[in-house]
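The values are calculated or read from the model by the stated rules, or taken from the named source; none is laboratory data. Bear in mind that the values here come from a model prediction, so they are computed numbers and not experimental data. When we count neighbours, we look across all protein chains shown, and the Cβ atoms used for this are built from the backbone with ideal geometry, even at glycine. Side chains are part of the model used for accessible areas, which takes the heavy atoms of the whole protein and leaves out ligands, DNA and RNA. Shrake-Rupley method; radii C 1.70, N 1.55, O 1.52, S 1.80 Å.
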Amino acid sequence: MRLAWQLAGAAAAVTAAAALAVPASAGTTTNLSTTTLHSSDHYSAVIRRTEFGIPHILATSFGDLGYGYGYAFAHDNLCALADLVVTTDGRRSEFFGPDARDDDPLDGNVTNLDSDVYHRWENNSGIAQRTLDQPAPLGMTPQVRQIVDGYVAGVNRYLATTGVAHLPDPTCRAQPWVHPITAVEMERVIYNVNQFNALNDVQPQIAEAVPAAAGNASLALPNMNPTDAGSNGVAVGGAGTRDGDGILLANPHFPWQNAGRFYQVQFTIPGVLDVTGASLFGTPVIEIGHNQNVAWTHTVSTAQRFTLYRLTLVPGDPTSYYVDGKAEKMVPHTVTVPENDGTTVTRTIYTSRYGPMLNIGWTTTSAIAIRGASADNGRSANEWLAMGQANSIAALRAAQNRYQGIPFTNTIATDDTGKAFFADNSVVPHVTDAELARCVDSPQGQAMLPDIILLDGSTSDCAWGSSPNAITPGIFGPETNPTLTRDDFVTNSNDSSWLTNPAAPITGEPLIYGTVDTERSPRTRLGIELIDGRLAGTDGLGAPKFTVSTMQRMEFGEQNFSAEQARDGVVALCTASPTLTATDGTAVDVRSGCAALAGWDLRDDRTSQGAVLWRQFWTNAVQAPDLWQVPFAAAHPLTTPNTLNTASAVVRQALADAVERMNALHIPVTAPLSAAQVTGITGRPLAVPGCGDVEGCYSVVDSQDDTQLHDDGRFGPVIFGSSFMMVADMSKQGPTARTILTYSESTNPNSPHHGDQTKLFARKQWVTDRFSEHYITTDPRLTTTVLTGR
């Protein structure tokens, strides 16, 4: 046995690798439940689970660390991992049929056939194998490769030990699509994450592209607005905290299902790595978390991940195009997909020098190609592992500058010196404002700016540039990234970096990073309002400045920003006009709604009466082109627009429709939010607090089709929103943190950790972060699994 462990008493702290060299039979404490599992694998690890099943992986090498993590994750989420592998292998049609949809919000819920065509084309390119084979920094570092190999072995050990026929999760028990995984399959899953907000979002447009086909002329693309992806991050520096420490709020808003879920875990290699936080399903590194000195989180940034190119085609040949007056042939890629009835489907994906062709705008004279900035990005895991080892903001910045692999997010961080740091150091196409002025030269392109960039592909003058310090050609280097370091605070809620701190606006960056002097989202405005109120002590939470407790209370305040701005105007409207006309022409008495909104606490707590009616009203009213009397003004970005326009026909009709709908369903207009907003994760309907980005809640919770009540009187089930939440105080005496994983650790409905943290979330409660050896070993719910090998 190549590794054995000392587990000798509740006070046994593993402070050095040498402490792990005592046989496992040395004993256990009375409050320690230990299971030892032997195998012939070349890996060993210890998995210690504290309350709510949170695993703490203890190892003496990176390979062993990956092994313990792979085993723990498979124990909790084997079926979810198998589903991810089936997707990125391009085999969904083979097992689930070509017409079904993969039900994954991150890729737009595409059909299985389109998903398979896209992923098989990607896999045939060999990008995953190249990432495994080429040296760092472009390929995996030796440490990351060891984690991946160990992770694969850990997953496969769990599968071999348990057996497909005996898996505890009925979702995939005895299913033919469950099989041992490989390192290439793991890298495919990681690579797929890197394509979010880029190629991954246009899978059908790539998979269905046919030269000069009928219906190609439209340039319609899916909604790729990063503010819809969610997330809040706040880093408060020493000047903004009572103890002079740095405090971080991590509040990513991501799907509650499939690839977008997080898994909470701690990695420990004594003397080498000690980091805790959250890891996206199927990835073997921690993307959001803290170590002894640094805490960080991410928010989806507004920077573009791709550009489109308009190609001028050679007459009579829709698969040839001109560049600098010379004809170039597109490259055909044949993709064959097996289906569940034994047949196969063959399609051809065409690629240009810029990237794959899309099924939009492809006529006999022109075509559209897409180039993704992360199309060659196999280095993201290197960066996240290095960030987990950083001992200061400076070291974290150095890690990011070294690998330049964060695919689509900003970084918000703080450390134990009380620095607050923001950077959009994500992978961004090198397209300057001068190039935009020169190369966005079509009416279509002008109309799509600034949301989508359509460049002229007929000239090499419109190719992406490159920065001297860029790790790979075609992207901006670290010197261009928007950054800000403060002693008070930095924050982001998915708007551009402009008002990261309103006292120090970030300007002068290329437009491709995001806009300045433009309207901010309700969530951004609310977030800065909350921070300012806490720093000044005017928010009712006690003395000025932040503590862990006041940050927690701020996060779960559940204020509804749209209601704070407009509720009084609505009450004035229905008081003055007690009868309004609904969309169907019905005259509706809205006085009951007026009374309900007047008595509402302007929050989206479970008990808030009036929140359901407001959502019914606001999600329609906000469509009004004349919603506000006072328009946005760049000189007053945090207070404009304002003052509801109660004369707007859309606003008046929306209120009548909302009251009419609730009356038709026999639901009191004073119904509390708990009557309509539920999740089924716990096995039966559980009401949860929060609201969506449109209404302007800070802690976001979005339901499926949540704009209107269903006939059962509820919104659709919660499928998106606050996910892994963390408040961390980074002190010189060591970190103190609280966390909550809103949907819990396990996707297995038979697991005790399927929904246990969700019940806490519903009650706005938190979990004590057990980072230190003392807190781990003294947890009375501690269980330990020792995986031993040769």
Residue count for the range 672-710, restricted to those that are touching a Cys at 6+ places or on another chain (Cβ under 7 Å) and part of a strand (DSSP E or B): 3
Residue that is farthest from Ala654 (Cα to Cα), among those in the range 674-691 that are of a type outside the set (S, T, N, Q) and open to solvent by less than 10 Å² (accessible area, probe 1.4 Å): Val688
Flag if Ala398 is in a helix (DSSP H, G or I) and either touching a strand residue (DSSP E or B) at 6+ places or on another chain (Cβ under 7 Å) or open to solvent by 20 Å² or more (accessible area, probe 1.4 Å) (or both): yes
Strands (runs of 3 or more DSSP E) contained entirely in the range 282-387, each with at least 1 residues that are touching a strand residue (DSSP E or B) at 6+ places or on another chain (Cβ under 7 Å) and among the hydrophobic types (A, V, I, L, M, F, W, C): 288-290, 294-300, 306-314, 326-329, 331-338, 344-351, 366-372
Helices (runs of 4 or more DSSP H) wholly inside the range 112-218 that include at least 3 residues being hydrophobic (A, V, I, L, M, F, W, C) and either out of contact with any strand residue (DSSP E or B) (no Cβ under 9 Å at 6 or more places or on another chain) or open to solvent by 30 Å² or more (accessible area, probe 1.4 Å) (or both): 127-133, 142-162, 183-194
Residue count for the range 316-340, restricted to those that are acidic (Asp, Glu) and touching a residue at least 60 places away in the same chain (Cβ under 8 Å): 2
Given (1) assigned to a loop (DSSP other than H, G, I, E, B); (2) without any contact (Cβ under 8 Å) to a residue 60 or more places away in the chain, number of the condition Arg661 does not satisfy: (1)
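Listed here are the residues, each with its yes/no results for (1) free of Cβ contacts under 8 Å to residues at least 40 places away in the same chain; (2) within 26 Å of Pro689 (Cα to Cα); (3) among the acidic types (Asp, Glu).
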| position | (1), (2), (3) |
| --- | --- |
| Phe546 | no, yes, no |
| Thr575 | yes, no, no |
| Thr583 | no, no, no |
| Cys594 | yes, yes, no |
| Asp605 | no, yes, yes |
The range 29-62, subset hydrophobic (A, V, I, L, M, F, W, C) and modelled with pLDDT under 95, residue nearest to Thr777 (Cα to Cα): Leu32
Among (1) open to solvent by 10 Å² or more (accessible area, probe 1.4 Å); (2) within 24 Å of Trp766 (Cα to Cα); (3) within 20 Å of the chain's Cα centre (by Cα), the one test that Val694 misses: (2)
Any hit, the range 510-524, residues being open to solvent by 50 Å² or more (accessible area, probe 1.4 Å) and not in a loop (DSSP other than H, G, I, E, B): yes
The range 231-255, residues that are β-branched (Val, Ile, Thr) and either in contact with a Leu (Cβ under 8 Å, 6 or more places away or on another chain) or within 25 Å of Ser301 (Cα to Cα) (or both): Val234, Val236, Ile247
Any hit, the range 329-342, residues being within 30 Å of Val265 (Cβ to Cβ) and buried (at least 24 other Cβ atoms within 10 Å of the Cβ): no
Single match in Ser751, Ser744 (criterion: touching a Gly at 6+ places or on another chain (Cβ under 8 Å), part of a loop (DSSP other than H, G, I, E, B), touching a residue at least 24 places away in the same chain (Cβ under 8 Å) and surrounded by fewer than 23 Cβ atoms within 10 Å (Cβ to Cβ)): Ser751
Wholly within the range 560-621, helices (runs of 4 or more DSSP H) carrying at least 2 residues that are among the aromatic types (Phe, Trp, Tyr): 611-621
Some residue of the range 759-777 being assigned to a loop (DSSP other than H, G, I, E, B), of a type in the set (A, V, I, L, M), more than 18 Å from the chain's Cα centre (by Cα) and more than 29 Å from Cys172 (Cβ to Cβ): no
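Identify, from the list Asp76, Asp99, the residue that is in contact with an Asp or Glu (Cβ under 8 Å, 6 or more places away or on another chain) and of a type in the set (Asp, Glu).
Answer to the check: Asp76.
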Where a residue in the range 58-73 is polar (S, T, N, Q) and its partner, wherever it lies, is part of a helix (DSSP H, G or I), with Cβ under 6 Å and at least six apart: Thr60/Ala17; Thr60/Leu20
Test for Gly557: is it in a loop (DSSP other than H, G, I, E, B), more than 22 Å from Arg714 (Cα to Cα) and open to solvent by 30 Å² or more (accessible area, probe 1.4 Å): no
Which numbered condition Ile681 fails, given (1) touching a His at 6+ places or on another chain (Cβ under 8 Å); (2) of a type outside the set (Ser, Thr, Tyr); (3) at positive phi: (3)
Answer from Thr739, Thr768 - the residue that is crowded, with 22+ Cβ neighbours inside 10 Å, of a type in the set (Val, Ile, Thr) and modelled with pLDDT of 95 or more: Thr739
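Residues being surrounded by 14 or more Cβ atoms within 10 Å (Cβ to Cβ) and either under 29 Å from Arg738 (Cα atoms) or without any contact (Cβ under 8 Å) to a residue 24 or more places away in the chain (or both): count how many of those fall in the range 704-726.
Summing the residues that are surrounded by 14 or more Cβ atoms within 10 Å (Cβ to Cβ) and either under 29 Å from Arg738 (Cα atoms) or without any contact (Cβ under 8 Å) to a residue 24 or more places away in the chain (or both) in the range 704-726 gives 12.
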Residue within the range 372-388 that is more than 28 Å from Asp133 (Cβ to Cβ) and either crowded, with 23+ Cβ neighbours inside 10 Å or under 31 Å from the mean Cα position of the chain (by Cα) (or both) present: no
Residues within the range 586-610 that are in contact with a Pro (Cβ under 7 Å, 6 or more places away or on another chain), open to solvent by 10 Å² or more (accessible area, probe 1.4 Å) and either of a type in the set (Lys, Arg) or closer than 19 Å to Ala676 by Cβ (or both), tallied: 5
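Which of the residues belonging to the range 771-790 are of a type outside the set (Lys, Arg) and open to solvent by 20 Å² or more (accessible area, probe 1.4 Å)?
Ser772, Glu773, His774, Tyr775, Thr778, Pro780, Thr783, Thr785
On the given criteria, is Asn258 of a type outside the set (Gly, Ala, Ser), open to solvent by 20 Å² or more (accessible area, probe 1.4 Å) and within 21 Å of the chain's Cα centre (by Cα)? Can you show your working first?
Values: of a type outside the set (Gly, Ala, Ser): yes; open to solvent by 20 Å² or more (accessible area, probe 1.4 Å): yes; within 21 Å of the chain's Cα centre (by Cα): yes.
Yes; evaluated as a whole, the condition is true for this residue.
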Subset of the range 77-111 that is among the aliphatic types (A, V, I, L, M) and closer than 22 Å to Gln704 by Cβ - its residue that is surrounded by the most Cβ atoms within 10 Å (Cβ to Cβ): Val110
Qualifying residue in the range 532-552 (condition: part of a helix (DSSP H, G or I), open to solvent by less than 30 Å² (accessible area, probe 1.4 Å) and closer than 28 Å to Ala654 by Cα): no
